2 protein chains.
Amino acid sequence: MNTTTVIGTGAIGTSVALALTRRGISVHLEDVDRAAAKTAEAMGAGSLQTPDRPVDLAVLAVPPAQVGSVLARVQGSRLARAYVDVASVKQVPHDDVRAQRADPASYIGSHPLAGTERSGPLAARADLFEGRPWVLTPSESTGQDVLNRALELVALCDAMPVVMDAGMHDHAVALVSHAPHLISSLLAARLEHAPQDSVRLSGQGVADVTRIAAGDARLWGDILTSNAAAVADVLDAFASGLGRAIDALRAAGDGDPAKRARAQEDLEELLRQGNRGCARIARKPGARRTELATVAVTISDKPGALAELFTSIGELGVNIEDVRIEHSWEHTRGLVELVVQKDAAAELSRWLGSGGTWAVTRADAFSGFKTE
Amino acid sequence: MNTTTVIGTGAIGTSVALALTRRGISVHLEDVDRAAAKTAEAMGAGSLQTPDRPVDLAVLAVPPAQVGSVLARVQGSRLARAYVDVASVKQVPHDDVRAQRADPASYIGSHPLAGTERSGPLAARADLFEGRPWVLTPSESTGQDVLNRALELVALCDAMPVVMDAGMHDHAVALVSHAPHLISSLLAARLEHAPQDSVRLSGQGVADVTRIAAGDARLWGDILTSNAAAVADVLDAFASGLGRAIDALRAAGDGDPAKRARAQEDLEELLRQGNRGCARIARKPGARRTELATVAVTISDKPGALAELFTSIGELGVNIEDVRIEHSWEHTRGLVELVVQKDAAAELSRWLGSGGTWAVTRADAFSGFKTE
């Protein structure tokens with residue numbers, strides 16, 4: 001792939017253009033908003049000149065509802081040999097391409113799952129897609145060369161291709177993106193008229209749950225209506241869990257101890273389902289498997305012995321990832337397991353062995369997750 | 001205040017003990033779990049010796065349902081001159097104190113709003129309460145000297161006292177903590193049996209919304225049943241918003257353009273309510289008002305000019321907090337506003353004035369939020 005045209009210089013389109021330019025691809029930019037296109041050009045995303053022959057790939061970075069009509073127009077002018085859109089829902093573009101009698105053979109739907117909180121070309125970044133999933137939704141008419149061109153695009157943007165049916169994609173993003181956004185908004189809405197003294201008690205928990213509720217209401221209104229049925233299905237299932245939770249809470253407040261115990265069990269089961277669901281989600285960007293090691297130390301049974309140990313480790317500058325303590329240590333001495341980066345374990349063992357009121361008993365390497 | 005006893009050496013109790021010890025208060029520790037108490041002692045949180053005369057303040061760091069009975073017991077042995085509990089709900093302890101015929105004059109309820117994701121003494125930190133709200137719920141029987149003793153405790157822990165009625169407290173935490181936790185769990189539960197390819201598409205948004213769903217199911221089952229009625233009230237109101245959202249989504253998917261437009265308006269109104277509620281929440285710890293300044297720069301109308309400007313600023317090592325661009329710049333030149341820390345503005349102006357293909361037009365200071 002040598003030449004592309006990016007149509008639509010918002011945050012996603014400009015990010016694609018920046019990523020491709022960085023890889024030496026010749027990128028042409030097009031946008032009905034001339035100021036946006038000029039901003040993208042000024043950022044080094046590509047050229048505003050019209051290509052003089054068909055480009056290898058045209059990237060349609062336009063709203064979902066416009067994909068079909070824009071595709072029909074640019075295919076009519078023989079802009080490119082292959083066409084891909086990057087809209088956040090896939091069934092609507094898929095159906096519109098047929099309704100607009102565009103050529104489905106040279107087109108493939110796609111969706112890079114890269115969040116940008118801000119919109120417009122200034123929010124673009126060449127590395128926006130690095131390590132993120134990028135869904136491709138070829139139809140039965142999509143040519144294999146077109147699929148391969150799209151796979152090349154994904155690779156050039158350092159993203160991870162995931163091939164999926166358009167309808168399946170829309171249900172998936174309803175579950176992991178659109179419904180969570182609406183639920184976050186509905187919870188945040190409860191705070192709008194709450195007393196100031198109540199809102200003052202907010203901690204990191206509710207701040208995290210409502211963070212995405214700050215998103216652009218018009219943009220999200222568009223997204224939600226484009227994927228309305230799938231989002232409604234997820235919310236229906238969610239509402240039934242919510243109903244069970246409310247029933248359990250009403251029963252718990254009822255006063256009867258047996259009822260209360262049963263209600264608490266029901267609530268705990270709902271919470272455990274949440275634990276299990278939560279465990280399936282990829283950690284935040286930056287989480288990676290790191291080689292860790294355990295250094296086990298016995299400490300003396302005197303008050304402040306742990307504090308002394310931690311102070312000593314702090315002086316060495318080694319970061320403690322986790323601490324475990326043996327609960328049998330009531331008798332005489334305590335066994336403390338310090339979890340550290342593997343590279344630091346040997347140094348830590350030596351340091352601890354050289355002084356203090358403790359003894360290093362063993363050091364084992366293992367592999368675990370560390371979230372940065 | 002010179003002497004205290006902390007009853008219960010979990011994460012909260014041990015954190016209180018560490019904070020007080022750091023301030024030179026003599027702290028006695030007590031826990032039915034001897035291993036936990038010894039761990040707290042080893043961390044330097046205090047002494048396991050029983051005090052030989054009444055202490056100035058006893059801190060009851062026990063589960064909500066045990067506050068009344070523990071208070072009655074320790075008042076019977078004249079452990080302290082004043083008593084405060086730190087349980088996360090306040091109406092149940094308030095009622096139990098009366099039911100157990102404990103002395104309400106020497107007791108005050110309280111709740112430090114400090115989250116600890118881990119439990120047990122090893123999760124304790126002397127600075128856990130720094131800058132956090134700490135609610136005090138004096139009853140009509142609480143002595144003024146007892147209120148003042150509790151205010152002293154809050155100040156020694158560097159927290160921010162908030163005086164509130166017990167029932168009002170419980171409704172407030174239902175809104176900003178308990179209901180959000182349950183909603184996060186119910187959403188995470190939707191992911192438990194979802195296809196792996198769907199879960200792979202999860203991004204930072206759903207990860208944030210479901211983060212607290214990883215919390216201990218038994219602990220949260222306890223908290224929710226202790227505050228069941230207030231949480232159910234919040235969830236009922238939330239469920240009615242959810243119902244409206246589902247109706248709007250079903251209408252949007254209906255196919256009739258007028259219906260769809262009205263549905264999108266309804267959804268956007270719900271999303272805007274979410275925007276407004278979200279804006280009321282305190283930013284994450286570390287957010288603070290910073291003096292910022294705008295440096296306005298006109299750049300030439302040549303491709304890559306913005307990229308060149310940013311590269312040059314990068315060399316200077318100045319951090320750009322935000323960028324705004326004038327959309328009228330279609331003609332000849334572009335106006336770019338760079339938002340930086342006020343301290344850096346003068347240096348940036350000088351640096352940009354000394355070369356490059358741009359011109360600094362003005363630099364204004366203003367005050368804004370920066371999240372660290």
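Some notes on this structure:
- Residue check for A:Leu306: buried (at least 16 other Cβ atoms within 10 Å of the Cβ), in contact with a strand residue (DSSP E or B) (Cβ under 6 Å, 6 or more places away or on another chain) and at pLDDT below 80: no
- Candidate set: the stretch A:100-152, residues that are in contact with a strand residue (DSSP E or B) (Cβ under 9 Å, 6 or more places away or on another chain) and assigned to a helix (DSSP H, G or I); chosen: the one surrounded by the most Cβ atoms within 10 Å (Cβ to Cβ): A:Pro121
- Within the stretch A:263-296, considering residues that are touching a helix residue (DSSP H, G or I) at 6+ places or on another chain (Cβ under 6 Å) and surrounded by fewer than 16 Cβ atoms within 10 Å (Cβ to Cβ), the one modelled with the lowest pLDDT: A:Lys284
- Scanning the stretch A:11-21 for residues that are crowded, with 24+ Cβ neighbours inside 10 Å and more than 10 Å from chain B (Cβ to nearest Cβ) yields A:Ile12, A:Gly13, A:Thr14, A:Ser15, A:Val16, A:Ala17, A:Ala19, A:Leu20.
- Residue that is farthest from B:Leu306 (Cα to Cα), among those in the stretch A:92-132 that are at pLDDT 95 or above and within 11 Å of chain B (Cβ to nearest Cβ): A:His111
- Wholly within the stretch A:168-262, helices (runs of 4 or more DSSP H) carrying at least 3 residues that are surrounded by fewer than 24 Cβ atoms within 10 Å (Cβ to Cβ): A:196-199, A:204-209, A:217-226, A:228-252
- Taking the conditions (1) farther than 17 Å from B:Gly304 by Cβ; (2) at pLDDT below 95 in turn, A:Ala37 satisfies each one other than (1).
- Apart from one condition, B:Gly68 fits all of (1) in contact (Cβ under 8 Å) with a residue 60 or more places away in the chain; (2) surrounded by 19 or more Cβ atoms within 10 Å (Cβ to Cβ); the exception is (1).
- Residue in the stretch A:235-255 that is β-branched (Val, Ile, Thr), at pLDDT 95 or above, within 20 Å of the chain's Cα centre (by Cα) and outside the structural domain of A:Leu57 (by TED's automatic domain parsing) present: no
- Taking the criterion of being more than 7 Å from chain A (Cβ to nearest Cβ) and closer than 30 Å to B:Pro63 by Cβ, the residues of the stretch B:202-256 that qualify are B:Gly215, B:Asp216, B:Leu219, B:Asp222, B:Ile223, B:Ser226, B:Asn227, B:Ala230, B:Asp233.
- Among the residues making up the stretch A:149-196, a single one is facing chain B (nearest Cβ under 7 Å) and among the acidic types (Asp, Glu): A:Glu192.
- Taking the conditions (1) under 24 Å from A:Asn2 (Cβ atoms); (2) in contact with a Phe, Trp or Tyr (Cβ under 8 Å, 6 or more places away or on another chain) in turn, A:Leu79 satisfies each one other than (2).
Residue by residue, here is whether (1) at pLDDT 75 or above; (2) within 14 Å of chain B (Cβ to nearest Cβ); (3) surrounded by fewer than 16 Cβ atoms within 10 Å (Cβ to Cβ); (4) under 17 Å from B:Gly120 (Cα atoms) holds:
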residue	(1), (2), (3), (4)
A:Gly334	no, yes, no, yes
A:Ala345	yes, no, no, no
A:Leu348	yes, no, no, no
A:Gly355	no, no, yes, no
A:Thr361	no, no, yes, no
A:Asp364	no, no, yes, no
A:Phe369	no, yes, yes, no
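- Residues within the stretch B:22-35 that are crowded, with 22+ Cβ neighbours inside 10 Å and in contact (Cβ under 8 Å) with a residue 60 or more places away in the chain, tallied: 0
- Filtered residues of the stretch A:217-230 (kept if under 15 Å from B:Asp266 (Cα atoms) and in contact (Cβ under 8 Å) with a residue 24 or more places away in the chain): A:Leu219, A:Trp220, A:Asp222, A:Ile223, A:Leu224, A:Ser226
Per-residue answers, yes or no, for (1) in contact (Cβ under 8 Å) with a residue 60 or more places away in the chain; (2) closer than 25 Å to A:Arg22 by Cα:
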| site | (1), (2) |
| --- | --- |
| A:Glu130 | no, yes |
| A:Pro138 | no, no |
| A:Leu156 | yes, yes |
| A:Pro161 | no, yes |
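The values are calculated or read from the model by the stated rules, or taken from the named source; none is laboratory data. Since we're looking at a predicted model, the values are computed, not measured. Note that we place each Cβ from the backbone using ideal geometry, even for glycine, and neighbour counts take in every protein chain shown.
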